[in-house]
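Values quoted throughout were computed directly from the atomic coordinates according to the rules given, and no laboratory measurement underlies them. What you see is a predicted model, and the numbers here were worked out from it, not measured in a lab. Glycine gets a Cβ as well: all are built from the backbone with ideal geometry, and neighbour counts include every protein chain shown.
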């Protein structure tokens, strides 16, 4: 699991040689905190995908650039492009479906 920031977002996500799933979150967000174990569990089962977390309080510019209006917001990337997005806490099965699409 990678914690990413504005400083390393381009390198870790947009220029990644692997597909990436980013969890946009904040520490004050209850649903984000409840979703964290699910995100971690699915990341452990999908080693061919890079799973990253981005704290929107610390990287507001990235959240704005990708129009993240509500959290948690899960965004998938492949070859530097957004592929899919889900807003709100999702089940392990739904997160696995997003992973399988990559």
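Of all the residues in the stretch 59-82, those that are within 18 Å of residue 27 (Cβ to Cβ) and surrounded by 14 or more Cβ atoms within 10 Å (Cβ to Cβ) number 8.
Annotation: of all residues in the stretch 83-93 being without any contact (Cβ under 8 Å) to a residue 24 or more places away in the chain and exposed (fewer than 15 other Cβ atoms within 10 Å of the Cβ), the one that is nearest to residue 12 (Cα to Cα) is 84.
Looking across 24, 39, one residue alone is buried (at least 20 other Cβ atoms within 10 Å of the Cβ), in a helix (DSSP H, G or I) and within 14 Å of the chain's Cα centre (by Cα). It is 39. Residue 74 meets all of the listed conditions (1) over 14 Å from the mean Cα position of the chain (by Cα); (2) under 23 Å from residue 97 (Cα atoms); (3) touching a residue at least 40 places away in the same chain (Cβ under 8 Å) but one, namely (1).
Residue 3 passes every criterion in (1) part of a helix (DSSP H, G or I); (2) farther than 14 Å from residue 87 by Cβ apart from (1). Each residue in the stretch 6-21 was checked for being in a helix (DSSP H, G or I) and in contact with a strand residue (DSSP E or B) (Cβ under 6 Å, 6 or more places away or on another chain), and 2 of them qualify.
Could you list all residues from the stretch 42-56 that are under 18 Å from residue 16 (Cα atoms), touching a strand residue (DSSP E or B) at 6+ places or on another chain (Cβ under 8 Å) and assigned to a loop (DSSP other than H, G, I, E, B)? Listed by number, the list holds a single entry, 49.
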